[in-house]
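Since the structure comes first, as structure tokens, the remarks are kept for the end.
What follows is calculated from the coordinates using simple rules that are stated; it is not laboratory data. Nothing here was measured: the structure is a model prediction, and the numbers come from that model. Cβ placement follows ideal geometry from the backbone for every residue including glycine, while neighbour counts extend to all protein chains displayed.
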Amino acid sequence: MLVVSPAMMEKLFTRIANYVAHLAGLPSTFAVCFLIIVAWGASGPMFGFSDTWQLIINTGTTIVTFLMVFLIQNTQNRDGTAIQTKLDELIRVGKAHNTFIGIEHLTESEVEEIRKKCEQAAKRHDTAVKKANAQKRGSKTHA
């Protein structure tokens, strides 16, 4: 009996999800899907635009959509986590505030509060830089 560990299942799912997400984003995949829809539409008169004819496309698109939602969400979750990890590492080794590491786990209102504080700090900094530059220009003209 073949025993598959959770780690092996996760790796297999990740490989499949990445591959399917890659294929789904190709122009040729769009072209094939478009041709399927055109062929389905063109076959309508042959089948008298019957309920079965409509059910075929509805069932097919529903199944594909249902599965793609989970694959796309999985891919976005991993991408988001990877980006956050990279940003956290840049914050950790840089001069930024280490308190920003992990803020993606806060509530939306808590993150919004931090964003507002950052915007205010940036405006204060910009104002101070403009003032310092104006003073430098003023002292050069008087010299």
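Take the Cα of T61, go 7 Å toward its beta carbon, and the backbone nitrogen atoms of segment 8-45 under 19 Å from that spot belong to 24-25, 29-45. Length gained on full extension, F13 to E119, computed as 0.36 nm times the residue gap minus the Cα-Cα distance: 34.1 nm.
Sorted by mean Cβ packing within 10 Å, highest first, what order do the peptides 2-14, 80-92 take? Could the numbers behind the result be given before it?
Working: 2-14: 9.0, 80-92: 12.2.
Those peptides, ordered most packed to least, come out 80-92, 2-14.
Stretching the chain fully between K131 and S5 yields a gain of 39.1 nm (0.36 nm per residue, less the alpha carbon separation).
Across all C-alpha atoms in segment 32-82, the radius of gyration and Dmax reach 15.8, 51 Å. Between amide H atoms placed 1.01 Å from N, distances below 5 Å from G44 occur with no residue 5 or more places distant or on a separate chain.
Hey, could you grab the Kirkwood Rh for the chain? Inverse mean 1/r over distinct alpha carbon pairs, Å, one decimal.
Details: mean 1/r = 0.0465 Å⁻¹.
Final number for the Kirkwood radius of the chain is 21.5 Å.
Please state the relative contact order of the chain as a whole percent: Cα pairs under 8 Å, 6+ residues apart? With pairs under 8 Å counted, the relative contact order is 17 percent. Could you tell me the center-to-center distance, by alpha carbons, between segment 93-108 and segment 17-54 in angstrom? If we compute the Cα centre of each part, the gap is 45 Å.
By the helix-only formula, in which each DSSP H run with n ≥ 4 contributes -39500 (n - 2.57) and the sum is divided by residues, the chain has a 222 nm mean residue ellipticity of -28500 deg cm²/dmol.
Partners of K116 within straight-line reach, counting aspartates and glutamates whose Cα lies under 19 Å from its Cα and excluding those fewer than 8 residues away in the same chain: E104, E108, D126. Once the Cα atoms are used to define both axes, helix 27-42 deviates from the longest principal axis of the chain by about 40 degrees.
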